[in-house]
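Read-outs throughout are calculated quantities, based only on the coordinates presented, and are distinct from any laboratory measurement. Predicted model, so just to flag it, every value in this text is computed and none were measured. Reconstructed Cβ throughout: ideal geometry from the backbone, glycine too, with neighbour counts over all protein chains shown.
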Amino acid sequence: AQSVTQLDSHVSVSEGTPVLLRCNYSSSYSPSLFWYVQHPNKGLQLLLKYTSAATLVKGINGFEAEFKKSETSFHLTKPSAHMSDAAEYFCVVSDRPGGGNKLTFGTGTQLKVEL
Amino acid sequence: DGGITQSPKYLFRKEGQNVTLSCEQNLNHDAMYWYRQDPGQGLRLIYYSQIVNDFQKGDIAEGYSVSREKKESFPLTVTSAQKNPTAFYLCASSIQVGMNPQHFGDGTRLSIL
């Protein structure tokens, strides 16, 4: 069985300050992990993915995430927030290689960026 | 540019009506998916299709039906049996089932009149 927990439903940061969105997962196998971003009334866009290669994964728009097996975490970070980063972010896990058809989505973290 | 097109963007349904949501992709992907998104919840899988003329139930298939007559098209029908159809519906595709990432359309928001 697999599950994912996004620890914060809302995060608020000032523009230019670091972003940390937290995600913990549970998986019976070696998981594949993803972060997606969703802007209002839009579909989901892939930010980055981890599939058992390097534990530090770099994505688009300056985001990165680190896979920590000992902590079962896959937190998303960005050194400096931009107003355009305001959106909802979903952590996604799959225990099948490459993700498979069975993805489990977190409940989302709404990121607010203030001037 | 390749992508997924969902239409309409907003849809209203009367009680007892069936409605069909369109999803078309020009990515040449074999696998297609339908998800439902409710506020404060993650996406939940309704149906998926690995290949033309094949589809499988997801976690919340009751009250929904699909067809896959063409590779590029995967329409979703929300039937009158779906008691709480108000939601944001997202269509996605991937090269194959078992291969990620999934690419998403911009969604259809369905509301009950």
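Only one residue of B:Ser67, B:Asn53, B:His103 has its Cα farthest out toward the positive end of the dipole of chain B, where Lys and Arg carry +1 and Asp and Glu -1 on Cβ, and that residue is B:Ser67.
Please say if chain B is rounded, prolate or oblate, where rounded means a/c under 1.5 for a ≥ b ≥ c the square roots of the C-alpha gyration tensor eigenvalues, and otherwise the choice is prolate for a/b larger than b/c and oblate otherwise?
Taking the square roots of the gyration eigenvalues as a ≥ b ≥ c, chain B is prolate.
The residues B:Ile51, A:Ile60, when put in order of fewest to most other Cβ atoms within 10 Å, stand as A:Ile60, B:Ile51. Could you check how many percent of all C-alpha pairs in the protein assembly as shown are farther apart than 20 Å? It works out to 59 percent of all Cα pairs. Rounded to two decimals, the Cα-based Rg/Rh of region A:38-115, with Kirkwood Rh, is 0.96. Run the numbers on chain B and let me know its relative contact order in percent, using alpha-carbon pairs under 8 Å that are six or more apart. Result for chain B is 35 percent. Across all directions, the shadow cast by the convex hull of region A:1-68 built on its C-alpha atoms averages 5.6 square nanometres.
By how many nm would the segment from A:Ser26 to A:Ala54 lengthen if fully extended, with 0.36 nm per residue of separation less the alpha-carbon distance? Gain in length upon complete extension: 8.1 nm. By the rule of a C-alpha distance below 13 Å, with chain neighbours fewer than 8 residues away ignored, the aspartates and glutamates paired with A:Lys58 are A:Glu66. Prolate is the label for region B:31-73, because the ratio a/c of its alpha-carbon gyration tensor axes (a ≥ b ≥ c) is 1.5 or higher and a/b is greater than b/c.
Per-residue counts of other Cβ atoms within 10 Å, averaged by peptide: what ranking do you get for B:68-75, A:77-84, B:89-96, highest first? Walk me through the intermediate numbers first.
Numbers: B:68-75: 16.2, A:77-84: 14.0, B:89-96: 22.9.
Going by the mean number of other Cβ atoms within 10 Å, highest first, we get B:89-96, B:68-75, A:77-84.
Return the subset of B:Lys9/B:Lys70; A:Lys68/B:Lys83; A:Lys49/B:Lys70; A:Lys69/B:Lys83 for which the Cα-Cα distance in this structure is over 32 Å, preserving the input order. Don't skip to the end; give the middle numbers.
Working: B:Lys9/B:Lys70 22 Å; A:Lys68/B:Lys83 41 Å; A:Lys49/B:Lys70 30 Å; A:Lys69/B:Lys83 41 Å.
From the list (B:Lys9/B:Lys70; A:Lys68/B:Lys83; A:Lys49/B:Lys70; A:Lys69/B:Lys83), the Cα-Cα distance tops 32 Å for A:Lys68/B:Lys83; A:Lys69/B:Lys83.
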